[in-house]
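Take a look at the structure set out below.
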Amino acid sequence: MTSIAARATASGLFIVHSCPRAVFSHVEWALASRVGTVVKLDWSPQPLLADSFRAEIEWRGPIGTAAAVASSLFGWEQLRFEITEDQTAVSDGGRWMHTPSLGIFHMQTDAAGNGVLAEDAVRAAITAAAGDADRLARELRLALGDAWDDELEPFRQAEPGDATIFALPRLGVG
């Protein structure tokens, strides 16, 4: 007997912010193998990084697709991406972000796409802060994935025709 969750379909958004041409087929395969259909992304130049491209696609597939895609792309050099999975009646939503310098980050999301901090994450931040308000703020920013957002934001905002090649700083998470 198959559970309702196993039969349920999820959807979301897959955004590749920067990818070298040599990795196109792997990225497309990672998504196609999870959604069960051929995927051909519409690649366009990433104006912030020479010889890099970006693409975006809405996807629909089994629950857990976003986690599976994120896992299969984890650690690829020069690959920056985000993938979301919308909340369903039987599953939580989620957002995964990946950068070469920071690795991968996951956060549960609600029906509106807002990040949700689990009780244990909040308790861990409070404990780590040990009464220091500045440390608490740092711990909560870490738990919210701010370092990933900070690194990806220029790529989200880049417009075709931008002439500036972006020099990536080494970002810390503390």
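None of the figures in this text is laboratory data; all of them are computed from the coordinates on show. These figures come from a predicted structure and were not determined experimentally. In this analysis, Cβ positions are derived from the backbone assuming ideal geometry, glycine residues included, and neighbour counts consider all displayed protein chains.
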Worksheet item: Any idea which of Pro20, Ser101, Leu49 is furthest toward the positive side of the dipole for the chain, if Lys and Arg beta-carbons carry +1 and Asp and Glu beta-carbons -1?
Response: Pro20
Worksheet item: Which ³J(HN,Hα) values in Hz, rounded to whole numbers, follow from the phi angles of the stretch 10-18 under the Karplus curve 6.51 cos²θ - 1.76 cosθ + 1.60, where θ = phi - 60° and Gly and Pro get x?
Response: 10, 9, x, 10, 10, 10, 9, 7, 8
Worksheet item: What residues have an amide H closer than 5 Å to that of Gln46, excluding those fewer than 5 places away on the same chain, when H is modeled at 1.01 Å from N in the peptide plane?
Response: Ser52, Phe53, Arg54
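As a check on your grasp of the helix formula, calculate [θ] at 222 nm for the chain: sum -39500 (n - 2.57) over DSSP H runs of n ≥ 4, divide by the residue count, round to the nearest 500. Before the final figure, lay out the partial values.
Details: 6 runs with 59 residues, N = 174.
Computed mean residue ellipticity for the chain: -10000 deg cm²/dmol.
Give me the dipole magnitude in Debye, nearest 20, for the stretch 82-151 about the Cα centre, with unit charges on the beta carbon: positive for Lys and Arg, negative for Asp and Glu.
Working: 5 positive and 14 negative charges, 40 e Å.
For the stretch 82-151, the charge dipole is close to 200 debye.
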Worksheet, complete the sentence: By the C-alpha gyration tensor axes a ≥ b ≥ c (rounded if a/c is under 1.5, else prolate when a/b exceeds b/c, else oblate), the shape of the stretch 1-138 is oblate
Practice prompt. Treating only the Cβ atoms of Lys and Arg (+1) and Asp and Glu (-1) as charged, compute the dipole magnitude of the stretch 42-168 about its Cα centre; round to the nearest 20 debye.
Written response: 220
Discussion item. 5 Å is the cut-off here: which amide hydrogens, built 1.01 Å from N in the peptide plane, fall below it relative to Ser18, excluding neighbours closer than 5 in sequence?
Written reply: Arg80
Item to complete: Can you list which of the trypsin sites (Lys or Arg not before Pro) found in the stretch 1-103 are DSSP loop residues with at most 12 other C-beta atoms within 10 Å?
Response: Lys40
Practice prompt. Pop out the ³J(HN,Hα) list for the stretch 78-88 in order, Karplus 6.51 cos²θ - 1.76 cosθ + 1.60 with θ = phi - 60°, rounded to Hz; leave Gly and Pro as x.
Written response: 6, 9, 10, 8, 9, 9, 10, 10, 5, 5, 10
Worksheet item: Taking the stretch 52-85, which GluC sites (Glu not before Pro) meet the DSSP loop condition and have no more than 15 other C-beta atoms within 10 Å?
Response: Glu77
